[in-house]
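See structure below.
Read-outs throughout are calculated quantities, based only on the coordinates presented, and are distinct from any laboratory measurement. Everything numeric in this text was worked out from a predicted model, so none of it was measured. Every residue, glycine among them, receives a Cβ derived from its backbone with ideal geometry; neighbour counts consider all protein chains shown.
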Amino acid sequence: MAAPKRGRSASAQSKPGRSLALILIAIVALTGGMFLSGHTTPRLGIDLAGGTSITLKAKADQGSAINKANMDTAVDIMNRRVNGLGVSEAEVQTQGTDNIIVNIPKGTNSKEAQEQVGTTAKLYFRPVLASEPSGGAAQSPSPSASPSGGSSSKPSTSPSSSASSPQKASSSGSSSGSASPSATATSQGRAVTDALKADSTPSPSASSSGSGKPSATPSATPSGGTNADSKLQAQYAALDCSKATDRANAGKNAKPGETTVACGEIDKVWYKYLLGPAAVDGTEVKKAQAVFDTQGASGWQVQMTFTGSGSKKFADITGELAKNQPPQNEFGIVLDGEVISSPYVSSAITGGQAEISGSFKQEEAQSLANVLSYGALPLSFQEQSVTTVTAALGGEQLHAGLLAGAIGLALVVIYLVVYYRGLSVVAMASLVVSAILTYVIMSLLGPAIGFALNLPAVCGAIVAIGITADSFIVYFERIRDEIREGRTLRPAVERAWPRARRTILVSDFVSFLAAAVLFIVTVGKVQGFAFTLGLTTLLDVVVVFLFTKPLMTLLARRKFFANGHKWSGLDPKGLGAKPPLRRTRRPAGPAAGPVDPKEA
């Protein structure tokens, strides 16, 4: 059994071309993906490309505290606002326990962004006059209904159960009158349900469609019949919510008392809405929380409690909406001009308490509850600093960083050439492969995960040059040690690899661990340094295993290196090698030398 094992080992050693072919295929595939994606350069951070960085410090308002939940909610709302400005590469993140950093790249109205991020959010409950999926040819609403004061007067009563399609939430609550109550009410509402169940018969026409969203466009038009109304109808007809620019401009600067258009996303499908005047202000939601219905089949739901004035307004609007057919029995919950939910009602909801249900996931319910709880930001923020970096200054910093990297690389190359001579070819080729992989992966990570190359990240790449060169040096010195012991190059290359491999892996593991810890415990630009350091450390392992070692195996078969040329860096005399470890045959015959008398 020993012979096949030696055969497999010899076969593996004699085919280093497989590893080289594998890494070549990886490089070609990644490079091709980079060109196909159209992102042929890494995305630059604000300090290199130019932009605005805003630092906000949180202050606790009455009834709120500076904690992780409130800070995360504030970050989420600010992200919505910045994205609403049409900015796709902005960064909003916490720093420490009470600071939020907003980084906005060049090409954005920094003054408008500065005004948006720290101001109070605008949350309204608006009646839905019309809605339909957006992205194709939209139809103009027909002028057959004229809601006034935020409600519709269309007299079609369609009570419906809250056991709706999972793709559409429903609103229910304690109700009065003979309308059919929801099947998923609170304990107090369920008691009312049981008392009224015999007096109410839900209409079959009120059941939700399979998609959970009416596909037909209901007829509705703003009241007044003025030119402004015609303009709004035309705006609704032309609105394409699948386009980011249309979403950003939909309902922009609309006042609470005006009819407006808006966009909202349901199950990854964009819908456009024609909304009536605001009926309830978000500040009139006293409390909202996500709870799990343990007594029914509703699963996760959002329970709301309104203030005194909000209770009356909500009862009035839900009473009017309950008379209508879908989607005019819905109200849109609008945050900063975007419809984040549009539940329907089946009856007037009185008592100041209501719930929204409809097969929520836990995260979805908690997100909606956060938005309802904090129609205004949960904390107030004081602007600490605003740093604007021009593109020219960013270009200078990038030039300086690249120059520093070039100088560091040149010093490493000079050292390798002087000390290792011919072996420096292997090291420089490995550095080139590592540089290509790093550049291509950074270019792909920009659009994929939003990675931006900032100045600290450039520093991380420069530090990585030394880490990569250190791996080559470890391997080269192991090979030299084997040659000093008297071995020829080919066995020295193979014997040195297991010992060098362990050292390289341990060294790279320590570097990667340090980068991972630094990435976790820091925020902002320092994370760019940690991310780049960790990425290049992983690539160092890939390059050493799949390129440096196989290339060294191939070169060991060339006479220039195998014979120990003085410029190869592996000259036995220059290394002070012992005599070669060779097996010699026993002399045969008298000509081989004198014969021992004892043997004679």
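The figures follow:
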| read-out | value |
| --- | --- |
| Förster-model FRET efficiency, 25 Å R0, residue 388 and residue 98, C-beta, rounded to 0.05 | 0.60 |
| Residue 72 versus residue 517: modelled label distance in nm, points set 7 Å from Cα along the beta carbon direction | 2.6 nm |
| Other-chain or far-sequence residues with amide H under 5 Å of residue 95's (modelled H) | 100, 101 |
| Extended-chain gain in nm, criterion 0.36 nm per residue less alpha-carbon gap, residue 35 and residue 243 | 72.4 nm |
| Residues whose placed amide H lies under 5 Å from that of residue 486, excluding near-sequence neighbours | 578 |
| Between the stretch 271-287 and the stretch 21-35, the alpha-carbon center distance in angstrom | 52 Å |
| Relative packing of 439-445, 281-287, 452-458, 41-47, which averages over residues the other C-beta atoms within 10 Å, highest first | 452-458, 41-47, 439-445, 281-287 |
| Extension reserve of the residue 417-residue 293 stretch, reckoned as 0.36 nm per residue once the Cα distance is removed | 37.5 nm |
| Calculated FRET efficiency for the pair residue 22/residue 562, C-beta based, R₀ 22 Å, to 0.05 | 0.30 |
| Cα-Cα separations in the stretch 385-427 greater than 18 Å, expressed as whole percent | 52 percent |
| Burial order of peptide ranges 410-418, 488-496 (average beta-carbon count within 10 Å, highest first) | 488-496, 410-418 |
| Efficiency of FRET from Cβ geometry, residue 432 and residue 265, R₀ 45 Å, rounded to 0.05 | 0.50 |
| Full-extension gain in nm, residue 65 to residue 473, via 0.36 nm per residue minus C-alpha separation | 141.4 nm |
| Cross-link reach list, aspartates and glutamates versus residue 549, counting only Cα pairs under 13 Å and skipping chain neighbours closer than eight places | 494, 540 |
| Inter-label distance for residue 230 and residue 404, nm, one decimal - labels placed 7 Å from Cα along Cα-to-Cβ | 6.4 nm |
| Greater than 18 Å apart at Cα, pairs in 122/287; 59/286; 255/287 | 59/286; 255/287 |
| Cα centroid separation - the stretch 319-371 against the stretch 512-560, whole Å | 52 Å |
